[in-house]
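Note sheet for the following structure.
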Amino acid sequence: MDTVDLRSDTVTLPTDSMRQAILDAELGDDVFEEDPTINDLEAKAATVFGKEAALIVPSGTMANLVSVLAHCDRGTEVILGDKAHTYMYEAGGIAAFGGVHPRTPKNFDDGTIDLDEIRGAVRPDNVHFPQTALIGLENSHNVCYGSPLTKAYIDEVAAIGQEHGLPLHIDGARIFNAAVALETTVKDLTENVHSVSFCLSKGLSCPVGSVVCGSAKFIGKARRIRKGLGGGMRQAGILAAAGIIALDEMIERLKLDHSNARRLAEGIDAIDGLTVQMDLVKTNIVYAELEGGSKRPDEVVTAMKEKGVKFFAVGPARFRMVTNSGVGADGIDHALKELSSYFASA
Ligand code: TLP
């Protein structure tokens, strides 16, 4: 049995058709906007999201950074959940490179933030305060159990933004997972948002790349910021070629990752010593809690790694496992078998 790698969906490898498309890609200099394959991917992404324009960037982190910097002047504030990836895991880039201050109301387990908390976080006009410039949501929400945010919720947040003249950005690193889980489209989910980023290199299995979508004016600004951050790439059509395949071939199959996550979660929840909040398993991310206090998470991770099952400990008594295109149902069964025998014997 090959290694079952559940550390993240970032570990996915490009498919055969992606590798072929990379070989066949027509290329040019994308800083001059002359790479036909990049232009095709960006046009396609804009259409899929119902926005005017799109921009490829090297990573999800840069996608969020160029978006926040395009929306916010230095010294202004962005409202983000306290468990937002942009707040927690992007090296403080919005503050370090943009001088943007995060205001962080609490995220609930389902990835939402209380609407009154968002309203209350918008700064009044007073010289003591930074000016609020942006609201950010994350869909699906990584730390909040991979929860998908519904269109109804997103629209309510967008309406608060509209009342105050604030744009809404979605970190949609896994927005296709959200759309598939909610049986809707990304276009529908993002109808009322001003910008959205999504990752090609997570569940969609591309080797590299993320895309930001929004108005032509916003993307123009984002393009200049991308260049300033050193993210202008030249013959990057080799990345876009895989991205086009991802949008054509890799969305529907996310259902499989979701059913594998459910199978994994159910199996783990049945193991004595581990528990999963089953009602929160809706996409491809499973958080399992270690019960009893007799084992340390790092011991479990090391023991499982020796058995060819990889995942991360993400807290004093918690693990994260992310199903992905590199792990089939047999891989899930292997992981469950190894976990069961470890917990039965220890
Ligand atoms: N998330 C990674 C790690 O950084 C934690 C993972 O394994 O889940 N937004 C969200 C919601 C993300 O989950 C990630 C990556 C990013 C942005 C950043 O993407 P990259 O890694 O391409 O910079």
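For Lys187, the aspartates and glutamates whose Cα comes closer than 16 Å to its Cα, not counting residues fewer than 8 places off in the same chain, are Glu42, Glu52, Glu138, Asp155, Asp171, Asp248, Glu252.
Assuming a ≥ b ≥ c are the square roots of the Cα gyration tensor eigenvalues, decide whether the chain counts as rounded (a/c under 1.5), prolate (otherwise, with a/b larger than b/c) or oblate.
Details: a/c = 2.01, a/b = 1.28, b/c = 1.57.
It comes out oblate by the Cα gyration axes.
Classify segment 118-268 as rounded, prolate or oblate, taking a ≥ b ≥ c as the square roots of the eigenvalues of its Cα gyration tensor: rounded when a/c is under 1.5, otherwise prolate if a/b is larger than b/c and oblate if not. It would help to have the intermediate numbers written out before the result.
Details: a/c = 2.21, a/b = 1.25, b/c = 1.77.
Judged from the Cα gyration tensor, segment 118-268 comes out oblate (a/c at least 1.5, b/c at or above a/b).
In Å², and per residue, what accessible area does segment 253-344 have when probed at 1.4 Å with the other protein chains present? Each step should come with its number before you reach the end.
Values: 4100 Å² over 92 residues.
Heavy-atom SASA per residue in segment 253-344 reads 45 Å².
Near Val314, the amide H atoms lying under 5 Å from its own belong to Phe319, Arg320; only residues 5 or more places off or on other chains count, and H is placed 1.01 Å from N. Amide H contacts for Val309 (H built 1.01 Å from N in the peptide plane; partners 5 or more residues away or on another chain; cut-off under 5 Å): Val4. Farthest toward the positive end of the dipole of the chain, out of Ala222, Ala46, Ser201, is the Cα of Ala222, where the dipole comes from beta carbon charges about the Cα centre. Please list, ordered by chain and number, the residues whose modelled amide H lies under 5 Å from the amide H of Ser59; skip anything fewer than 5 residues away on the same chain. Residues meeting the amide H criterion: Ser210. The GNM of the chain, with springs linking C-alpha atoms under 10 angstrom apart, assigns the highest mean-square fluctuation among Asp257, Asp29, Asp279 to Asp279.
Against the chain, whose longest principal axis is taken from its Cα atoms, helix 216-228 shows a tilt of about 70°.
Each part reduced to its alpha carbon centroid, segment 1-73 and segment 138-216 end up 16 Å apart. In the chain, the longest principal axis of the Cα atoms and the axis of helix 237-249 are about 60 degrees apart. A 1.4 Å probe run over the protein chains yields, for segment 11-249, 41 Å² of accessible area per residue, whole-number rounding. Backbone phi angles across segment 285-294, fed through the Karplus curve with coefficients 6.51, -1.76 and 1.60 (θ = phi - 60°), yield HN-Hα couplings of 10, 10, 9, 10, 9, 8, 9, x, x, 8 Hz in residue order; Gly and Pro are listed as x.
Taking a 23 Å limit on the Cα-Cα distance, which of the listed pairs Lys106/Lys310; Lys295/Lys337; Lys202/Lys337; Lys310/Lys337 fall beyond it?
Working: Lys106/Lys310 30 Å; Lys295/Lys337 19 Å; Lys202/Lys337 26 Å; Lys310/Lys337 14 Å.
Going by Cα-Cα distance, Lys106/Lys310; Lys202/Lys337 fall outside the 23 Å limit.
Could you pull out every one of the aspartates and glutamates with an alpha carbon less than 16 Å from that of Lys305, ignoring same-chain neighbours closer than 8 positions? Cα-Cα hits under 16 Å: Asp2, Asp5, Asp333, Glu338.
Once both axes come from the Cα atoms, what is the angle between helix 60-71 and the longest principal axis of the chain, in degrees from 0 to 90, rounded to 10? Taking the Cα atoms of the chain, the angle to 60-71 is about 30 degrees.
Ligands, DNA and RNA left out, the accessible area of the chain computed with a 1.4 Å probe is 51% carbon and sulfur.
The phi-based Karplus calculation (6.51 cos²θ - 1.76 cosθ + 1.60; θ = phi - 60°) puts the 3J(HN,Hα) values of segment 306-323 at 5, 8, x, 10, 10, 7, 9, 8, 10, x, x, 8, 8, 10, 10, 10, 10, 6 Hz, whole numbers, x for Gly and Pro. Between Asn64, Asn177, Asn142, the Gaussian network model of the chain with springs among Cα atoms under 10 angstrom shows the greatest mean-square fluctuation at Asn142. In order along segment 123-136, phi translates into HN-Hα couplings of 6, x, 6, 7, 4, 5, 9, x, 8, 6, 10, 6, 10, x Hz, rounded to whole numbers, per the Karplus curve 6.51 cos²θ - 1.76 cosθ + 1.60 with θ = phi - 60° and x for Gly and Pro.
The lysines within cross-link reach of Lys221, meaning a Cα-to-Cα straight distance under 16 Å and a gap of 8 or more places when in the same chain, are Lys51.
Comparing Ser197, Ser325, Ser17 in a Gaussian network model of the chain where C-alpha atoms under 10 Å apart are linked, the largest mean-square fluctuation is found at Ser17.
The values are calculated or read from the model by the stated rules, or taken from the named source; none is laboratory data. These numbers were taken from a predicted model, which means no experiment stands behind them. Cβ sites come from the backbone with ideal geometry, for glycine too, and all protein chains shown count toward neighbours. When the accessible area is computed, the model is the full protein with side chains, heavy atoms only, and any ligands, DNA or RNA have been set aside. Shrake-Rupley method; radii C 1.70, N 1.55, O 1.52, S 1.80 Å.
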